[in-house]
Structure formats: C-alpha cells, structure tokens
Amino acid sequence: MTLMATERMKLFSTRSPWFCSVLAVGLVVGFASLLTLTSNDPAHVDLGLLLAGSQFGLMVVLVMGALAITTEYRFGTIRTTFQAMPGRTAVLGAKAGVVGLLALVLGEVAAFGAWGVGKVFGVEAGLSSSADWRAVAGLGVVFALSAVAAVAVGALIRQSAGAISILLVWSLLIEDLISLIPNVGDNIRDWMPFVSARRFLGNAGPDPVLGPWASLGYFAAITAVLFAIAAVVVNRRDA
Amino acid sequence: MIEASGLTKRYGKTLAVDNLSFTAQSGRVTGFLGPNGAGKSTTMRMVLGLDTPTAGDVRIDGKHYRDLKDPLRTVGALLDAKWVHPNRSARAHLAWLARSNRIPAKRVDEVLELVGLTGVAGKNAGGFSLGMSQRLGIAGALLGDPKVLLFDEPVNGLDPEGILWIRKFMHRLADEGRTVFVSSHLLSEMALTAQELVVIGRGKLIAQTSTEEFVAMATEASVRVRSPQLDQLRSALGRDGVSIRDEGDSLVVTGIDAAAIGDLAAAASIALHELSPQRGSLEEAFMQLTGDSVEYHTDIANDTAALLATGSVAR
C-alpha cells in the first residue's frame, strides 16, 4: 500500500498524467459527439460507431503508461526511487497498478461518457445485451491492461521516444499490416494482442478464433508475460 | 558504519572498481578521494544497491542495502542533484520520498527549513540553480534522519559560500555521531572537510588513513633555504642523512631541521636570505603516495598533474 501511495503521489505531482487523462477521455467522448451530431440518422448509430474514438483514447493511454516509467529513466529519478524502495519488482508492480487503475477509470469514464453523449443526442442503442455491456464497460479493462503493457515496454526500452514509437507502430500498423503476409497473414493477425482486445470489445467478425472472454484472457496473459520480462530485466540491470 | 570488502565492478573489459576494501566509521567525515574516473561514483552506487557488484560486497551496519527496511531512515545519499523531475515541486519531490519510507509529512518542511529552501518549496525543481538543487538533494538525504550519509562530489560547481556551507554541514553531521562518506576529486577540499581518507586510483585502494597521517606519511618535513652562497652552503650541509634538492634559486633540504641549518650556516659564515620549514600539502602527499604504486606510475602522475591544476583553482 505504501508503494502504491508513493507511486500515486509521483504520478499526480507532474502535469503529463493530467494532460493525458483529459486527452484520452476528451477524444473518446468528442468523437462520439461529432459522429452523432453529423449523422443524418442519429437514432441508428450503433455502439461500435459511437465508441470509434476509443482507438485514439487507447493511443493516449499507451503513451501515458510508457511515460510513467521512461521519464524516471530520463531524469534519473529511477535511481532515487530504487534508493528509497530497493524492492524493484514491487516498485514496478505498484507503478503498473497505479497507472492501470487510472487507465481503468479513464476507460470507464470515456466509454460511459460517449454512450451518455449519444443518448443525449438521440442515439437509441441501449445496453440491452451482454455484448453491449462488454463494448462499453469493457473499455476500461482494455485500457488498464494496455497501460500495464506500456509500463512494461517503457521499463524495457527506458527511452520515451523509443518506447512510444514501438507501442504506437505496433498497435496502429504492424498488427493490421501483418495480414498482408500471403496465406498465413490473417491467421497470425488473429493472435495479435490488440486485435484480441478489440475482439473482446465486440469487433469479432464471422467465425472468431477465440470467444470474447478468451480473447481478453489472451490479451491479459500477453500483458503478464511482458510485465514479467520487464521485472526480471529491471532487477538484473544496474539502475 | 560502511564496510566494503573486495568490492569489484567490471563493465565489459574495463575494471571500474578493483578489489576495493575500506571502512567509514561513525562520527567521522570520511573523504573518498580519487581523480575523475577512479570509480568513486560506481562504488557509491554499489553501496546503495543501485549497481550490483561483480564480486565482493558492501554492508551498512552489517546489512546489505537491499535488505534494509525503509532504507532512507538508515542511509541518506546525494549522488546526483539532478535526479529530480523538473516539473515536480521541491516539496512534492520530498513528499513522495517521505511517503515511500513512512516518514511523517511534517519532516518535509523541517528539512526544507534546514537547507534553507522553505521559500521556494512550491517551485518546480527544474528551475533551480545548481546550488539550490544541491540543497534539495541534501534535504532528501536528511529526510529519514539517517545514521549514515553519502555525498558524491557535493561541492562540484558551487560558489565559495555554498562550499563553505556544505563543509560546515558535513562536520555538524559527523559531530552528531553520524557516518559521513563524501567523495571528491579536489584534494584541497578534502583536506578541509575530511578527517579520514579513503584514496583510490584506477579503481584500486591506494590508502586509508587519517588526513593528517596521510600528509605526514608521504611528505617528509623539509626546509627551504635561500642564500647568495649556495655552493658553500651545499658543501656545509653535505653529510649523512641529509638530502639536498635544487629548486630555482633555493635549496630544499630534508633530514635536518631549520635550527641546525642556521647554526651550520653561521659557523661557516654563510649569509641566509631565507630559512623556512615546509609543511607538506595534500597534493604533494597524493603525488608521493600514488607515485610509489609503480603499476600506475605514469597514469597517476598525469592525473595528478591535472588534479594539481584544478586543486589550485579551487583554493
């Protein structure tokens, strides 16, 4: 608890998490407003379209997660941190926990905010099925796991630019472009982590390789593996 | 107390710290002296468990740093004053440090007061001058009221007032019974600050002694003599146990004291223009001691030449 409280103080005593929070929620809710306001037939806008901005929110969450640790390396505060708290795995866990919790809250606020904005502007899509609930309430869970993965990548790379480039290029380009590989491309793409996360949120398509909850479990497992690698490396490396 | 035994750190092919053993006692300011790149900072990072030694170990009051519970309450350290987030206020920086080691929040204001930063506590640390950053770092080191304190080059880049402040501060901390371990490449500074010295060169221990002994051990008492009749004086002094060295228009004589030289000169009717006993400086002691370790002879001689230059500037 002490470690979590410490990491919370560190996170919120700088400007970037506030900035990222506003941006992440603003993008998701903003896109929902824009799409419903410009739609000729708001009543028939579906949840998928309403939450189209969540991809942008995810980018911001990835950046925030990576920055939470790379700035520590950039400014040398990681040494001050390990000097005050020599248990490195616990520190990394606390950091991932705090950033993950913030991302969870941001995801829920953004998704329900987008849904609420849609309601106000006359969207009729309700939260009737479990799939609808997954699409809206699930966003926070995906944000949280993504943030933890971003912390892990940040801890491994240690440089803001490098870590953010890898995260964004991977999630925006590589996962989708991989389907260009002849014959096996589409099969590989099905097992990409962020594709799996989107499948959980309801973007399954016909005949999915994993069900929604299995997809989430798969995404969580990849995040856990990344975190474990980061923990081992951070413990072995000189600070 | 800090005890290092056989401490070794290897980066690839370079041996940064080589089988280093020393102790720093409580109630004393122990200077950690060596030229730039001698391995001082690496050693300090190993003391704090930031870098893992390749071999050997270092203990603080018998424990490894990583095994300390709430380490800031046992060991305070300032390794680099720039290790703060530039957009975090001085108070916020100390607040999270305090929280991490269960130190009461009011202690933050106490240490800010102690180092004289109360007025700028709400300002972002990124805007601080080097002197202010240094003070903030010291505030962080003192936060847990620790028994052991480490400072890496604390006077680097400070103005004379700041240097004096730090020097007095070190003495006060040691007088309170704490272990103060402070590194420097400025020999003249260490002569004023440290009571004990751990001297290293190229990662190896050269000497661990008291500052006084260190100077006495390496510098023989000598006497400088100037005279218009140098040749006559030279032959008058020429006897067993006396060595004479020319230095410009004067002689530097060892093995005989100033009174005896005066008597001899008077007996031989030689006029003296100067007869002054010389006290060895730390720089000379350092040169002399390191000059003896043949393995590093040429390298250290060059290093010390550079040191002498910086040392005289600092004075």
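Tabulated results
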| item | result |
| --- | --- |
| Long-range neighbours under 6 Å by Cβ, at least six apart or interchain, first residue among the small types (Gly, Ala, Ser) within the range B:149-175, second outside any helix (DSSP H, G or I) and open to solvent by less than 10 Å² (accessible area, probe 1.4 Å) | B:ALA174/B:VAL29; B:ALA174/B:VAL180 |
| Of the criteria (1) within 14 Å of another protein chain (Cβ to nearest Cβ); (2) touching a residue at least 40 places away in the same chain (Cβ under 8 Å), which one A:ALA231 fails | (1) |
| Qualifying residue in the range A:25-34 (condition: within 22 Å of A:TRP170 (Cα to Cα), among the β-branched types (Val, Ile, Thr) and within 14 Å of another protein chain (Cβ to nearest Cβ)) | no |
| A:THR14 part of a loop (DSSP other than H, G, I, E, B), among the β-branched types (Val, Ile, Thr) and touching a residue at least 24 places away in the same chain (Cβ under 8 Å) | yes |
| Some residue of the range A:82-94 being more than 14 Å from chain B (Cβ to nearest Cβ), without any contact (Cβ under 8 Å) to a residue 24 or more places away in the chain, assigned to a helix (DSSP H, G or I) and more than 23 Å from the chain's Cα centre (by Cα) | no |
| Number of the exception - A:LEU102 against (1) assigned to a helix (DSSP H, G or I); (2) open to solvent by less than 40 Å² (accessible area, probe 1.4 Å); (3) within 14 Å of another protein chain (Cβ to nearest Cβ) | (3) |
| Lone qualifier among A:LEU210, A:LEU177 - being under 22 Å from A:ALA131 (Cβ atoms), open to solvent by 30 Å² or more (accessible area, probe 1.4 Å) and at pLDDT below 95 | A:LEU210 |
| Residue under evaluation A:PHE56, criteria (1) away from every other protein chain (no Cβ under 14 Å); (2) touching a residue at least 40 places away in the same chain (Cβ under 8 Å), criterion not met | (2) |
| Elements of type helices (runs of 4 or more DSSP H) in the range A:108-190, at least 1 residues being out of contact with any Cys (no Cβ under 9 Å at 6 or more places or on another chain) and either touching a residue at least 40 places away in the same chain (Cβ under 8 Å) or within 21 Å of A:ALA94 (Cα to Cα) (or both) | A:130-157, A:160-169 |
| In the range B:257-275, the residues that are over 11 Å from B:ARG224 (Cα atoms) and β-branched (Val, Ile, Thr) | B:ILE270 |
| Those residues of the range A:59-81 which are open to solvent by less than 30 Å² (accessible area, probe 1.4 Å) and away from chain B (no Cβ under 11 Å), in sequence order | A:MET59, A:VAL60, A:VAL61, A:LEU62, A:MET64, A:GLY65, A:ALA66, A:ALA68, A:ILE69, A:THR70 |
| Residue that is least open to solvent (accessible area, probe 1.4 Å) [pool: residues in the range A:191-207 that are without any contact (Cβ under 8 Å) to a residue 60 or more places away in the chain and either outside any helix (DSSP H, G or I) or within 14 Å of chain B (Cβ to nearest Cβ) (or both)] | A:MET192 |
| Selection from the range A:17-53 of residues that are surrounded by fewer than 19 Cβ atoms within 10 Å (Cβ to Cβ), assigned to a helix (DSSP H, G or I) and touching a residue at least 40 places away in the same chain (Cβ under 8 Å) | A:SER33, A:LEU37, A:PRO42, A:ALA43, A:HIS44, A:GLY48 |
| Which numbered condition B:THR30 misses (of (1) under 23 Å from the mean Cα position of the chain (by Cα); (2) within 22 Å of A:PHE75 (Cα to Cα)) | (2) |
| Residues that are part of a helix (DSSP H, G or I) and either modelled with pLDDT under 90 or over 12 Å from B:ARG28 (Cα atoms) (or both), drawn from the range B:172-192 | B:LEU187, B:SER188, B:GLU189, B:MET190, B:ALA191, B:LEU192 |
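The values are calculated or read from the model by the stated rules, or taken from the named source; none is laboratory data. These figures come from a predicted structure and were not determined experimentally. Counting neighbours? That spans all protein chains shown, and the Cβs are built from the backbone with ideal geometry, glycine included. In case anyone asks, the SASA skips ligands and DNA or RNA and just uses the protein heavy atoms, side chains included. Shrake-Rupley method; radii C 1.70, N 1.55, O 1.52, S 1.80 Å.
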